[in-house]
Amino acid sequence: MDTIWFKVNGVRYTVKSGEVNSDLTLLDYLRNHLELRGTKYMCREAGCGSCMVTVKQSKGQPYAVNSCMLTVVSCHGLNITTIEGLGNRHTGYHPLQTTLAKYNGSQCGYCSPGWIMSMHSLQESNPNLTQLEIEQSLGSNICRCTGYRPIFDAFKSLAVDSVDKNLQDIEDLKICEKTGNKCDEQHCDDSDWCIVKEDDLLNTRMIQMKLKDGKYWYKVTCIKNIFDILDDKGEDSYMLVAGNTARGAYPIEEFPRVMIDINAVPELKGYKIDQNLIIYGGVTLTELLDIFKRIAAQEYFAYLTKFYDHLRKVAHIPVRNIGTIAGNLMIKHKHNFFASDIYLLLQTVGAQLTLVRRHSRTKTVTMEEFLKIDMKGVIILNVMLPPLSCEYQVATFKVMPRSTSYHSIVNAGFLYQLHNQNKVICSRIAFGGLSPSFTRASKTERFLTGKQLFTNDTLQSAVKVLNEEIVVEENPPEPSVEYRRKLALGLFYKGLLSLCPDNLLNARYKTGAIKIHDTRPVSKGVQYFETDPSTYPLNQPIQKVEALIQCAGEAHYTDDLPSLPNEVHAAFVVTTIGVGEIVSIDASKALSQPGVVAFYTAKDIPGHNSFTPTNGRNFPVDEEIFCEKQVKYFNQPLGVIVAETHALAEKAAKMVKVQYKNIRKPVLDVKEAIKDPNRVSFYASDDATDVGKDVQKVIKGGVTIYAQNHFCIENIPCVIRPTEEGIKVYTSSQYVDSIHVGMSKALNVDQSSIDIYVRRVGGSYGLKLTRNVQAAIACALVVLKLNRTCRFIQSLTSTTRSLGKKLPSTTNYEIAVNNSGVIQYINYNLYMDNGHTVNFKFNFLIMSSYNNCYDKSRWNLRCYNATTDVPKNDWLRAIGALDGIAHAELIMERISYELALDPIQVRLNNLDRQTSGAIEDMYDTLKSQAKYDDRRLVVDNYNKQNRWKKRGLRFSFTRWPLPALGYNNVLLSIYHGDGSVAIAHGGIEMGQGINTKVIQVCAYYFKIPLSKIKVKGYDTMSTPNSAETAGSIGSQNIALGVSRCCETILERLKPIRNKMGDATWEQIVEAAHTAGIDLQAQSFVNTSDATKYSYNVFGVALAEVEIDVLTGESELIRVDVMENVGKSISPEIDVGQVEGGFMMGVGYWTSERLVYDKNTGELLTNRTWNYAVPMNTDIPQDFRVYFKKNSYSYAAIHGAKAVGEPPMCMSVVVALAIREAISEARKESGIPTTQWFNIDGPSTVEVIGLSTETKVSDFKFN
């Protein structure tokens, strides 16, 4: 058996037969074997970009890959660069690292190494990228914190067309030893001079390895090798491997017995032209793009330009770098419902495949025939694309739930051969995403033959035939049959619009041909704020203190703790029903697997089976760590499996067999839940103090807004080791005290025996307040039982399925108004969906915000809690306040629509000027700054002139009340040897910049450089019993505590300073130490401080959107956001909080749709493949952030205000703007804008597409 080798950051590593398992990825090899933990992970399916590395083969340019996709045995001969190899504190930082840090493109920082490696690979492959190319090329990475703008500003500063162009450093260039110039191996006349390298001989012979798990891996060099292996090993269990990217779409639970790497087979590479363009099956999608671009210039292949544009929308660059044509087609073959864009393009032009069997027997098949062939023992040799004359016209489309990096909801391709007077000689009409069997509309093709294509009669008749012909089937969680049918018809019409000669097309219809995302320009962002240099470093725009180490992968997160001796791994065993009872649990199969150590259930818990102990201050109800009997929701944890590796623990957890009884259909929707009195409980009321008499209209209705996944890039991690006192816990938490108390009660161990440490959190948004406690206690139980270190990493799918989300809420109301839209009375019922139990009651947050900024004297509120059969819903950014504010804004919108009034005037007529008068001034300012009046005329004119594109332009108002949270210790220590300062505090750094602000405050008091101050990680010894870092108030509380510590120290130093006059800080500190003065101060902040320094944060937002009426897609053209943030301690950091919070809200209102199996309660949108968070090109094309001038809170907190949550509330403006655009489209269908229509949940492409109420009878050319 053989050995493979590869290099990581220039160091050679070898892997021998029997050393690794078949499922060991490059990601896990880097992190766990080489301890290079700067490379991060989240989804393990190439959907988040955190695991990005740069690789280079012996020939060609470096390129990016998702290290979670590559198995380590597929890395033979690769030269791999990780974030550590790019730059570090020892060798010096790379310009990409320093640039991203400089632009504050890092908040929680967990995703930053992945972004940098993606950009590094782009630069390596093309050093002459434009700003637009950079922005369009980064669809491989998700950031949940920043809102993307500062990341793009950083990287676009490196573009060739940037005014801030940063030149490449000399250390980034590889120099030819002969010429002294930059080495270019691909285009080198002196290549024969170079010494033959070892990796040039890589692919000269077949490699075979028997792996640790008994599977066989081969790297073959010719097709004959493949068939020889199949003859030897059989065809019962094998897989041809190239990029292995299919795992991202359809996860592989168990690899087959035989894996054959075909990347070194020359017969499957390249292309040639005879009469057809023949492209071989092993060509990657990146190589295919190059081929399309090159050959499109040749006669008869001009249509490849459109194929090129379509292919750029398939996956993202790192996936295209390793995914192949044949691999993509084989996904389609195995999963017929898969809307393969490769299959669609080939189907559109009538391409054929050449299949090869043993003994070089080949067969040519059509695309339809391919899907029906048994592919066992068969290889896709090549695809043959035909030459097409200028008589042929092609149009293709791909519609996704967001603008980029997602599989097609529906894709479509159209080919028409036209002759005189646009008469159809023949046509091909192809679709994907409708059903497993329907891919081609042959009846419609036949109908069109001989018809003049661009006439209204032909169009209407063809649409009728197509509507009757197409087959659309349910495929949850994909959008509904109704929408996909409508979309298919819309794309058929859109294709014809794109091909119709201008002289035959009505000017109002022309924009219908445009693909809405294709015309998107490079984005821009502007930030408006003033600073006061006299108070610097307070109010000074500075780089976040951790930014550079985050960008270098040197900032440590919980799972970056090195592997410890005798370490075990844990995974939850979960229920597979929604509601019922557990009868029995059988773990024997799992426990029989080599390497599986133990299995624990509720009976093994020595203390209280609850991760929300009822004697805690926040939790009136116990929530079980492990389900004992009554199953409350799908995937409720019922035990924990322990194994020697993480992969084995995950695998073994699925082997535990559970029997159930009394299985019932779950209730999943709060609208259904409130119909059952047993599921509803009254919380509180707020009665009106006035009733108006001028009732001109009564409006009745309600609206529902649903849940949102936190989707943290860092999953839920916990590492716990035994110590002589008890246990040491390393975790990621916003609320360490909840873990501390919960662990003590569950394990029946004193809190003093449990030490908890948190350095930082890689994104949370509320998830890691209480929902992470469950895994932490389970991990601690393992340590208690085995006396071994345990590492428990709750995966993305486990997190999304087993843990709660943002609380949904629903309203019903009766509103009486006068002719000016002023509320005379409102009877208002508001229900919050808590999930399976009402525990921590978030209603108090709604009670203070339900009326937003409007006069509540005539509002009769009754607030309720409701329960559904889903995991307990919990904190998520601006919970409660978002609901209250959004519902109030939707009420104002409804009043304005039904009375045909200006929505701003309705708001101003109802404004509570006593508490929220600042909003009117902010509105006037933003209206002027954003040139609203001019833009209003432009939008109105645009809507008149365009039938199939519509725009909306809307304002929203926000009054966000500060929640009274706080119980935090602060400990400040000064070291006498050099005067440096260390601060330990009870807050958690999770990207909001709390540590940076703390340092600025301290430096301001002590008049010392920022670099002289360090903030230590949180631990339960120095800052015990601390409250949650939540509600955007954490930075305020800790800054207040630090101020008090500084004042205490300065008071102690005063006599020394008076004696020493102009002495330096260091001299004063040393003298104080000599004099026996205490150089450590402690302070404490609690809820009384939060109450004392309470305030409202006001915001005004303006959004302009455009929708495609035919598809439901939308573009966010411009957003203007103004917030009165007070006197910001760190303005650039606060700008990032505004942008990030707003963009998380954009996802909530546009694309983040949760879909459950209605029969079982299983969450179907549980990973990056099927849950669409905003990406690179979903941000506003023009994003402007304004901090209100002359805003100030209290001197004790330096005039600052909370920042991060109000923008999430302001993001409802996007939904309001989309509604206006939809209303304009509905008006074209004869529906007046005064006719209200409900939108429950996000305005997804489906919701927009169906809400427009477009009639196919309106499909016309003129």
(Q) Yes or no: the range 1058-1069 includes at least one residue that is hydroxyl-bearing (Ser, Thr, Tyr) and within 30 Å of Ser956 (Cβ to Cβ). (A) no
Q) Given the range 420-507, what helices (runs of 4 or more DSSP H) lie entirely inside it while holding 2 or more residues that are under 19 Å from Leu1110 (Cα atoms) and touching a Phe, Trp or Tyr at 6+ places or on another chain (Cβ under 9 Å)? A) 456-469, 481-499
Q | Within the range 250-282, considering residues that are out of contact with any helix residue (DSSP H, G or I) (no Cβ under 6 Å at 6 or more places or on another chain) and part of a helix (DSSP H, G or I), the one surrounded by the fewest Cβ atoms within 10 Å (Cβ to Cβ) | A | Pro266
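State yes or no: is Asn969 more than 20 Å from Met1210 (Cβ to Cβ), crowded, with 18+ Cβ neighbours inside 10 Å, polar (S, T, N, Q) and under 34 Å from the mean Cα position of the chain (by Cα)?
In short, yes.
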Q | Residue list for the range 223-249, restricted to those being assigned to a loop (DSSP other than H, G, I, E, B) and β-branched (Val, Ile, Thr) | A | Thr245
Q. If you go through the range 954-996, how many residues are under 30 Å from Pro1207 (Cα atoms), among the small types (Gly, Ala, Ser) and at pLDDT 95 or above?
A. 6
**Q.** Set Tyr757, Tyr730, Tyr735, Tyr765: member being out of contact with any Pro (no Cβ under 9 Å at 6 or more places or on another chain) and closer than 26 Å to Val568 by Cβ
**A.** Tyr757
Q: Would you be able to tell me the number of residues in the range 615-641 that are touching a helix residue (DSSP H, G or I) at 6+ places or on another chain (Cβ under 9 Å), part of a loop (DSSP other than H, G, I, E, B) and of a type in the set (Val, Ile, Thr)?
A: 1
Q: Write out, first by first residue and then by second, each pair whose Cβ atoms fall under 9 Å of each other, whose residues are 6+ apart or on separate chains, and whose first residue, in the range 415-437, is within 14 Å of Leu388 (Cα to Cα) and touching a residue at least 60 places away in the same chain (Cβ under 8 Å) while the second is hydroxyl-bearing (Ser, Thr, Tyr) and in a loop (DSSP other than H, G, I, E, B).
A: Leu415/Tyr303
Q | Some residue of the range 968-976 being touching a Cys at 6+ places or on another chain (Cβ under 9 Å), of a type outside the set (A, V, I, L, M, F, W, C), within 30 Å of Asn715 (Cβ to Cβ) and in contact (Cβ under 8 Å) with a residue 12 or more places away in the chain | A | no
Q.
Any residue at all in the range 1235-1252 that's hydrophobic (A, V, I, L, M, F, W, C), in contact with a Phe, Trp or Tyr (Cβ under 7 Å, 6 or more places away or on another chain), touching a residue at least 24 places away in the same chain (Cβ under 8 Å) and surrounded by fewer than 16 Cβ atoms within 10 Å (Cβ to Cβ)?
A. yes
Q) Does Ser1011 fit the bill of being of a type in the set (S, T, N, Q), free of Cβ contacts under 8 Å to residues at least 24 places away in the same chain and over 18 Å from Ala1195 (Cβ atoms)? A) yes
Q | Given (1) touching a His at 6+ places or on another chain (Cβ under 7 Å); (2) surrounded by 20 or more Cβ atoms within 10 Å (Cβ to Cβ), number of the condition Ile425 does not satisfy | A | (2)
Q. Restricting attention to the range 254-275, which residues are over 12 Å from Thr221 (Cβ atoms) and of a type in the set (A, V, I, L, M, F, W, C)?
A. Phe255, Val258, Met259, Ile273
(Q) I want to confirm something. Restricting to the range 1100-1151 and keeping residues that are in a strand (DSSP E or B), small (Gly, Ala, Ser) and in contact with a Lys or Arg (Cβ under 8 Å, 6 or more places away or on another chain), which single residue is surrounded by the most Cβ atoms within 10 Å (Cβ to Cβ)? (A) Ala1103
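Between Asn328, Asn336, which is under 19 Å from Met239 (Cβ atoms), in contact with a Ser or Thr (Cβ under 8 Å, 6 or more places away or on another chain), assigned to a helix (DSSP H, G or I) and assigned by TED's automatic domain parsing to the domain that holds Thr439?
Asn328
Kindly establish whether Asn1096 is farther than 29 Å from Lys728 by Cβ, surrounded by fewer than 23 Cβ atoms within 10 Å (Cβ to Cβ) and touching a residue at least 60 places away in the same chain (Cβ under 8 Å).
Against the criterion (farther than 29 Å from Lys728 by Cβ, surrounded by fewer than 23 Cβ atoms within 10 Å (Cβ to Cβ) and touching a residue at least 60 places away in the same chain (Cβ under 8 Å)), Asn1096 qualifies.
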**Q.** Single residue of Asp1258, Asp1240 found to be within 20 Å of Ile409 (Cβ to Cβ) and in contact with a Lys or Arg (Cβ under 9 Å, 6 or more places away or on another chain)
**A.** Asp1240
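Could you check the range 836-853 and list, in sequence order, the residues that are in contact with a strand residue (DSSP E or B) (Cβ under 8 Å, 6 or more places away or on another chain), touching a residue at least 60 places away in the same chain (Cβ under 8 Å) and either hydrophobic (A, V, I, L, M, F, W, C) or within 15 Å of Pro620 (Cα to Cα) (or both)?
Selection gives Val838, Phe840, Lys841, Asn843, Met847, Cys853.
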Q: Could you figure out which of (1) surrounded by fewer than 22 Cβ atoms within 10 Å (Cβ to Cβ); (2) out of contact with any strand residue (DSSP E or B) (no Cβ under 7 Å at 6 or more places or on another chain); (3) of a type in the set (S, T, N, Q); (4) within 25 Å of Leu1154 (Cα to Cα) isn't true of Ser857?
A: (4)
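Select, from Val163, Val220, the only residue that is surrounded by fewer than 17 Cβ atoms within 10 Å (Cβ to Cβ) and either of a type in the set (A, V, I, L, M) or at pLDDT 95 or above (or both).
Val163
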**Q.** Of residues in the range 82-95 being touching a His at 6+ places or on another chain (Cβ under 8 Å) and crowded, with 22+ Cβ neighbours inside 10 Å, the one farthest from Ile252 (Cα to Cα)
**A.** Gly87
Q | Matching residues, the range 1074-1125, being within 30 Å of Asn1190 (Cα to Cα) and of a type in the set (D, E, K, R) | A | Asp1089, Lys1092, Glu1104, Arg1118, Asp1120, Glu1123
**Q.** Filter pass, Arg1219 being surrounded by 20 or more Cβ atoms within 10 Å (Cβ to Cβ) and in a helix (DSSP H, G or I)
**A.** yes
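Hey, among Tyr813, Tyr831, Tyr850, which residue is crowded, with 20+ Cβ neighbours inside 10 Å and either out of contact with any helix residue (DSSP H, G or I) (no Cβ under 8 Å at 6 or more places or on another chain) or within 19 Å of Leu1154 (Cβ to Cβ) (or both)? Quick ask: steps written out before the conclusion?
Values: Tyr813 fails: either out of contact with any helix residue (DSSP H, G or I) (no Cβ under 8 Å at 6 or more places or on another chain) or within 19 Å of Leu1154 (Cβ to Cβ) (or both); Tyr850 fails: either out of contact with any helix residue (DSSP H, G or I) (no Cβ under 8 Å at 6 or more places or on another chain) or within 19 Å of Leu1154 (Cβ to Cβ) (or both).
The conditions single out Tyr831.
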**Q.** Residue in the range 1222-1234 that is surrounded by the most Cβ atoms within 10 Å (Cβ to Cβ), counting only those that are in contact with a Ser or Thr (Cβ under 9 Å, 6 or more places away or on another chain) and of a type in the set (Gly, Ala, Ser)
**A.** Ala1225
Q) What residue, of Ala1195, Ala1215, is touching a Pro at 6+ places or on another chain (Cβ under 9 Å) and at negative phi? A) Ala1215
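The values are calculated or read from the model by the stated rules, or taken from the named source; none is laboratory data. Every value quoted in this text rests on a predicted model; they were computed, and no experiment measured them. When we count neighbours, we look across all protein chains shown, and the Cβ atoms used for this are built from the backbone with ideal geometry, even at glycine.
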